[in-house]
């Protein structure tokens, strides 16, 4: 294993990559959580790692953070390896973990002061408190913060050393849209100052808003990568048309009939509804209504939207990102 | 920021976390004092209690028993052997021991309030039994062993129990809690030195240990009148060593458990037997003699024996070789194993 990783290492140019990952594998007994992943994160960009629960997102990010050791593969963070000097990397990165329960009995500034003490150099506490928008909550107990405020505190703890690179594991899971946006603003500021970000999420909106590049994982493998726009473009669809057919009897439309309509690219069923990826929206909808009229059926819940990452994901895996 | 900043901040967080937990304050500071007060006052002898005299069976003991019947407040308990009777006296189960020699011999403990009553009652009973004798023939012997009130025996045991409880809970529970909250994991992705983490637990314990000792010892000496014959330095050193032992055991107990229930169960598994077998509330010498060497190997037995030797017998820590060796042994073993098996994630 060692030899393999060395030979790969030599072929990788250092370049301007903040993170380099080659042939990453992590197994838990029978289960292979991460099954041969390669990627890079360029300095000053944000990579979003998307995938449903169990796709290997958290395992991957925890290997990069130095919490887990990979079974195979090579990882370099800011040009350094975890095998050499872990503290040197830790001084330069900021990490926000999933579901850290910060001690209740401490105040906001006490928590930040604790984390600040671990780093040889870093930010001024007050600047961070202002950045995360907790100036008024400076003396509040952590337990009295709202979910969103606590999450911003968690990001604040990751920013205390003025890191070059930030790792965020599902930073806004469980937050309402308003609270989510406020966390994003903190991340935006970090990015605007040239910071590199790697974040995992299962929110499409978050990925599209924050990430320059995406990596979509499923079952520990990369199933798509590129900018959000380029990934969506792989669908080669102009829009997505979804509807259901109200039928009182036997009469219905067959998949073959629908697929034969001019401009339909692919079809899938979702609950009682049918979802079409189409290249020519207008002609498909016209064709659909014609068919329905002939059969004496009725179209319900007709929607069309521009293709999203969610559509790409579903077309690739047959699953939704969030399984609720 | 330096290494010291990191240790100071971690320690401060521990101390703040503790003092903001009112329940913890109660269990550490108030509970032992309440327990000592209740037991101490409960076992303080009342004003008109009868005098209990142990009579050692032998030639002439019948006559003594007959003579003591004169006084209705003299309760007689018969013992086969002198040793047995003396042990009762030491544990304050009787107020005096009479041996049927010629002349009879009365042993009592002069530091006890009951002793004088016992002496007078015995003398009077004997005087009445021998007509005409103003001063009945009797040898008087003073028990040289100290601290024979129950509370005197109990108090060092309570200090030992308190050191065990606060060490185990204060450290073991706190570690299990930061692990359960995944806060430990969060610390792991910072450059925090792991040694600082452990050190902060020890230092925060030290802060509270000094307060605990001053409060507990003060209460014992000033309110309960427990003798304090040893030098304060020996007392503090024994307490420090005890605290260190239970800090090590606290870390050991919490080295792997993930839940509060798990750590509580393990904690009780370790502590409850020692409450019973290490001579907190009663002497472990009441267990069969064959067990004594084993019981002396328990860390709390070592601590309690050392505390009693210092407080009641005025010994110095340097004369307590076996007790100190037992505690040092537990220190080394518990820390070595705990740090080896400690699960950070």
* Search result, residues across segment B:251-268 that are in a helix (DSSP H, G or I) and closer than 17 Å to residue B:341 by Cβ -> B:251, B:252, B:253, B:262, B:263, B:266, B:267
* Asked: Can you name the residue in segment B:11-20 that is within 7 Å of another protein chain (Cβ to nearest Cβ) and in a helix (DSSP H, G or I) and is also farthest from the chain's Cα centre (by Cα) among such residues?
  -> B:13
* Structure fact -> Among A:173, A:60, the single one that is within 20 Å of the chain's Cα centre (by Cα), under 29 Å from residue A:221 (Cβ atoms), more than 14 Å from chain B (Cβ to nearest Cβ) and surrounded by fewer than 20 Cβ atoms within 10 Å (Cβ to Cβ) is A:173
* To do: Identify, from the list B:265, B:218, the residue that is modelled with pLDDT under 85, more than 14 Å from every other protein chain (Cβ to nearest Cβ) and out of contact with any helix residue (DSSP H, G or I) (no Cβ under 8 Å at 6 or more places or on another chain).
  => B:265
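Every residue, every condition in (1) under 17 Å from residue B:308 (Cα atoms); (2) touching a residue at least 24 places away in the same chain (Cβ under 8 Å); (3) in a helix (DSSP H, G or I), yes or no:
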{"position": "B:245", "(1), (2), (3)": "no, yes, yes"}
{"position": "B:249", "(1), (2), (3)": "no, yes, yes"}
{"position": "B:272", "(1), (2), (3)": "no, no, yes"}
{"position": "B:280", "(1), (2), (3)": "yes, yes, no"}
{"position": "B:290", "(1), (2), (3)": "no, no, yes"}
{"position": "B:294", "(1), (2), (3)": "no, no, yes"}
* Structure fact -> Of A:77, A:89, the only residue that is surrounded by fewer than 24 Cβ atoms within 10 Å (Cβ to Cβ) and within 13 Å of chain B (Cβ to nearest Cβ) is A:89
* Residue identified as at positive phi and either touching a helix residue (DSSP H, G or I) at 6+ places or on another chain (Cβ under 9 Å) or not assigned by TED's automatic domain parsing to the domain that holds residue A:48 (or both) among A:287, A:226 -> A:226
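Residues checked against (1) touching a strand residue (DSSP E or B) at 6+ places or on another chain (Cβ under 8 Å); (2) under 22 Å from residue A:181 (Cβ atoms):
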{"residue": "A:82", "(1), (2)": "yes, no"}
{"residue": "A:85", "(1), (2)": "no, no"}
{"residue": "A:101", "(1), (2)": "no, no"}
{"residue": "A:111", "(1), (2)": "no, no"}
{"residue": "A:121", "(1), (2)": "no, no"}
{"residue": "A:124", "(1), (2)": "no, no"}
{"residue": "A:131", "(1), (2)": "no, yes"}
* Structure fact -> Note on segment B:310-325: residues part of a helix (DSSP H, G or I), in contact with a helix residue (DSSP H, G or I) (Cβ under 7 Å, 6 or more places away or on another chain) and surrounded by fewer than 22 Cβ atoms within 10 Å (Cβ to Cβ) are B:312, B:317, B:324
* Evaluate the following for residue B:240: is it surrounded by fewer than 19 Cβ atoms within 10 Å (Cβ to Cβ), away from chain A (no Cβ under 14 Å) and closer than 19 Å to residue B:300 by Cβ? => yes
* Answer with yes or no whether residue A:44 is more than 14 Å from every other protein chain (Cβ to nearest Cβ), surrounded by fewer than 20 Cβ atoms within 10 Å (Cβ to Cβ) and at positive phi. => yes
* Asked: Of the residues A:142, A:95, which single one is at the interface with another protein chain (Cβ under 8 Å from one of its Cβ atoms) and touching a strand residue (DSSP E or B) at 6+ places or on another chain (Cβ under 8 Å)?
  -> A:95
* To do: Kindly indicate whether residue B:5 is within 14 Å of chain A (Cβ to nearest Cβ) and at pLDDT 80 or above.
  => yes
* Report whether or not residue A:268 is assigned by TED's automatic domain parsing to the domain that holds residue A:33 and either within 33 Å of the chain's Cα centre (by Cα) or on the phi < 0 side of the Ramachandran plot (or both). => no
* So is residue A:198 in contact with a strand residue (DSSP E or B) (Cβ under 7 Å, 6 or more places away or on another chain) and crowded, with 20+ Cβ neighbours inside 10 Å or not? -> yes
* Asked: Would you call residue A:23 surrounded by fewer than 19 Cβ atoms within 10 Å (Cβ to Cβ) and either touching a residue at least 24 places away in the same chain (Cβ under 8 Å) or assigned to a loop (DSSP other than H, G, I, E, B) (or both)?
  -> yes
* What residue, of B:28, B:76, B:94, is at pLDDT 85 or above, in contact with a helix residue (DSSP H, G or I) (Cβ under 9 Å, 6 or more places away or on another chain) and away from chain A (no Cβ under 14 Å)? -> B:76
* State whether one or more residues within segment B:37-53 are modelled with pLDDT under 75, surrounded by 14 or more Cβ atoms within 10 Å (Cβ to Cβ), closer than 23 Å to residue B:207 by Cα and in the same structural domain as residue B:203 (by TED's automatic domain parsing). => no
* Across segment B:190-212, what is the number of residues that are surrounded by fewer than 22 Cβ atoms within 10 Å (Cβ to Cβ), at the interface with chain A (Cβ under 10 Å from one of its Cβ atoms) and without any contact (Cβ under 8 Å) to a residue 40 or more places away in the chain? -> 1
* Structure fact -> The condition of being farther than 22 Å from residue A:216 by Cα, surrounded by 12 or more Cβ atoms within 10 Å (Cβ to Cβ) and at pLDDT 85 or above holds, among A:283, A:277, only for A:283
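The values are calculated or read from the model by the stated rules, or taken from the named source; none is laboratory data. Computed from a prediction, not measured in an experiment: that's the story for all the values here. FYI the Cβ positions are ideal-geometry reconstructions off the backbone, even for glycines, and counts take in every protein chain you see.
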